[in-house]
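To start, the structure under review is shown below, and the notes come after it.
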Amino acid sequence: MAQEDVFKKIVSHCKEYGFVFPSSEIYDGLGAVYDYAQNGVELKNNIKQYWWQSMVLLHDNIVGIDSAIFMHPTVWKASGHVDAFNDPLIDNRDSKKRYRADVLIEDAIAKYEEKIAKEIAKAQKKFGDSFDEAQFRATNARVLENQQKRDALHERFAAAMNASDLDELKQIILDEEIVCPISGTRNWTDVRQFNLMFKTEVGSTAEGSSTIYLRPETAQGIFVNYLNVQKTGRMKIPFGIAQIGKAFRNEIVARQFIFRMREFEQMEMQFFVKPGTELEWFEQWKNTRMAWHQALGFGAENYRFHDHEKLAHYANAASDVEFRMPFGFKEVEGIHSRTNFDLSQHAKYSGKKIEYFDPELNERYTPYVIETSIGVDRMFLSVMCHSYQEEALENGETRVVLKLPAALAPTKLAVMPLVKKDGLPEKAREIIDDLKFHFNCKYDEKDSIGKRYRRQDAVGTPFCVTVDHDTLTDGCVTLRDRDTMEQTRVKISDLRSLIEDKVSITSLLKKIK
Ligand code: ATP
């Protein structure tokens, strides 16, 4: 199946099985805004818990906060967002569609990379074990030609982005003969800058209203609380502050479902370090974050780091963790070395001294910052994309199964009476009443057992138990495993110990290497 079709299926699965709904759907939805449904919210909460606990439980020098979305407008002046939080946009005159110029060019770079990857895959298949990739890359004419074109484009693009040269971005689009995917034409407007922050008013006009912004990142809430947390928590450098919360960006192009939203959620951690040690910490946090991703068991080959072409105005190093989505490798997390830019700017604009007194060095300094910033929604999407599988069964049927890591699954155990009578429903309820304090259980009595299993597979429930007539006398149930579909007879009194550990966030945290 083409990857595009797989993605379409995942999107409709999310809706059909109560994971994600378009916002305000009865009014035809609102562009790039989505609601999390009954199963989606559980999965999302589990992702957040996995992140939160990996930060504040596993590190005794990281604490959390929850700052307000509304902040003093000067915060955004100081942070540089009012002046520089822009994306270069370009319109196609024929389709009237708007695009990000940098994304169009990045896609063109990715096309060269795909061509190279295809050649390599083909040769690998042909030569088998004797295939030498390095030699093939160095000698194959088609690979060399595409690599050279890719590198030249990459270099030109990086230079244009670094210089914020909008004319050059347009020229690259023309020279690369990039067409609008809708109209198929090259009838482009000039490239313009577009600020991504949403503005609103606070206070009534009578008392004098003022313009404020919906935060485009949660990080600034951490920076302006740095002194409060450091003092009240008596934190010693190096230390971190973690936060999960909503962020808002007026994205130019809403694409790929929940990948790029206008209202989304971030999990950010700012780690304050001694100046001069930041690049070591940057490397360390890259490794720590990659280990967090890989503990989910989705395969190391599905992740890669991507170093930034253009560093943001505040950074001296930046790298993205990319995950292989059905539409290619895409950023799920950014790791940035933000220098002391933000704290210095807030000191300048607020007139307050924002420093750290280092008792070991007996000196004051403005700490440097390493940031790890991951989108909850993008993480959700990557989990969905990797877990969605269509499996051919021995009897010729296909089952759709979400092979979610058990710790992230919305429901951990479905309890099903074989029939709706003879005291079986009551027994099933009794089992749930006992286990519901330990993990999320669901009762399901409608349709045949086979259909109920399929329904639970489709929402990723790792375990099902069936209560039958024998249960009433032998105190045993049939426990079915989602992935292997194996069924075993187990004692009701053993259910908790058999399941609890496998479905807990703790079990996932212990897998982080
Ligand atoms: P992109 O280049 O895709 O616009 P970014 O580099 O601007 O992303 P950051 O500012 O580094 O993103 O934000 C950190 C994380 O927040 C991203 O890695 C992503 O997971 C998430 N994120 C950013 N913008 C959005 C959005 N519009 N919708 C959903 N998640 C987002």
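The values are calculated or read from the model by the stated rules, or taken from the named source; none is laboratory data. Remember, it's a predicted structure, so these values are computed and weren't measured experimentally. Virtual Cβ from ideal backbone geometry, glycine too; neighbours counted across all protein chains shown. Heads up: the accessible areas ignore ligands, DNA and RNA and are worked out on the full protein's heavy atoms, side chains in. Shrake-Rupley method; radii C 1.70, N 1.55, O 1.52, S 1.80 Å.
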Can you name the number of the only condition in (1) more than 14 Å from the ligand (Cβ to nearest atom); (2) open to solvent by 20 Å² or more (accessible area, probe 1.4 Å); (3) touching a helix residue (DSSP H, G or I) at 6+ places or on another chain (Cβ under 6 Å) that F264 fails?
(1)
Inside the stretch 138-165, can you point out the residues that are open to solvent by 40 Å² or more (accessible area, probe 1.4 Å) and closer than 30 Å to D83 by Cβ?
H154, E155, R156, A159, N162, A163, S164, D165
What pairs come up if the first residue lies in the stretch 124-140 and is of a type in the set (S, T, N, Q), the second is assigned to a helix (DSSP H, G or I), and their beta carbons are under 7 Å apart, counting only those six or more places apart or on different chains?
N140/E119
What is the residue count in the stretch 242-261 for residues that are more than 7 Å from the ligand (Cβ to nearest atom), open to solvent by 20 Å² or more (accessible area, probe 1.4 Å) and under 14 Å from the mean Cα position of the chain (by Cα)?
4
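Sort out which residues of the stretch 95-105 are surrounded by fewer than 15 Cβ atoms within 10 Å (Cβ to Cβ) and in contact (Cβ under 8 Å) with a residue 24 or more places away in the chain, and write them in order of number.
If the condition is that a residue be surrounded by fewer than 15 Cβ atoms within 10 Å (Cβ to Cβ) and in contact (Cβ under 8 Å) with a residue 24 or more places away in the chain, then K97, R98 are the ones that fit.
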Please verify whether Y388 is closer than 30 Å to A317 by Cα and modelled with pLDDT of 95 or more, treating the condition exactly as stated.
no
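Select, from E331, E371, E322, the only residue that is part of a strand (DSSP E or B), within 16 Å of the ligand (Cβ to nearest atom), charged (D, E, K, R) and within 18 Å of G240 (Cα to Cα).
E371
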Residue check for T277: without any contact (Cβ under 8 Å) to a residue 24 or more places away in the chain, away from the ligand (no atom under 16 Å from the Cβ) and out of contact with any helix residue (DSSP H, G or I) (no Cβ under 9 Å at 6 or more places or on another chain):
no
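Only one of I505, I432, I512 is among the β-branched types (V, I, T), in contact with a Cys (Cβ under 8 Å, 6 or more places away or on another chain) and over 26 Å from L393 (Cβ atoms). Can you tell me which?
I432
Residue-by-condition table, conditions (1) open to solvent by less than 60 Å² (accessible area, probe 1.4 Å); (2) more than 23 Å from Q53 (Cβ to Cβ); (3) hydroxyl-bearing (S, T, Y):
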| position | (1), (2), (3) |
| --- | --- |
| K274 | no, yes, no |
| T277 | yes, yes, yes |
| N287 | no, no, no |
| F298 | yes, no, no |
| E301 | no, yes, no |
| F305 | no, yes, no |
| P326 | yes, yes, no |
| F329 | yes, yes, no |
| S344 | yes, yes, yes |
Does F239 count as within 16 Å of the ligand (Cβ to nearest atom) and not polar (S, T, N, Q)?
no
What's the number of the condition F463 fails, among (1) in contact with a Cys (Cβ under 7 Å, 6 or more places away or on another chain); (2) open to solvent by less than 30 Å² (accessible area, probe 1.4 Å); (3) not aliphatic (A, V, I, L, M)?
(1)
If you check Q230 against the conditions, is it outside any loop (DSSP other than H, G, I, E, B) and within 15 Å of the ligand (Cβ to nearest atom)?
no
Every residue in the stretch 76-98 that is more than 18 Å from R192 (Cα to Cα), within 16 Å of the ligand (Cβ to nearest atom) and in a helix (DSSP H, G or I), please.
W76
Single unsatisfied condition, F380 versus (1) surrounded by fewer than 21 Cβ atoms within 10 Å (Cβ to Cβ); (2) within 16 Å of the ligand (Cβ to nearest atom); (3) part of a helix (DSSP H, G or I):
(1)
Among the residues that make up the stretch 191-209, is at least one of them in a helix (DSSP H, G or I) and surrounded by 12 or more Cβ atoms within 10 Å (Cβ to Cβ)?
no
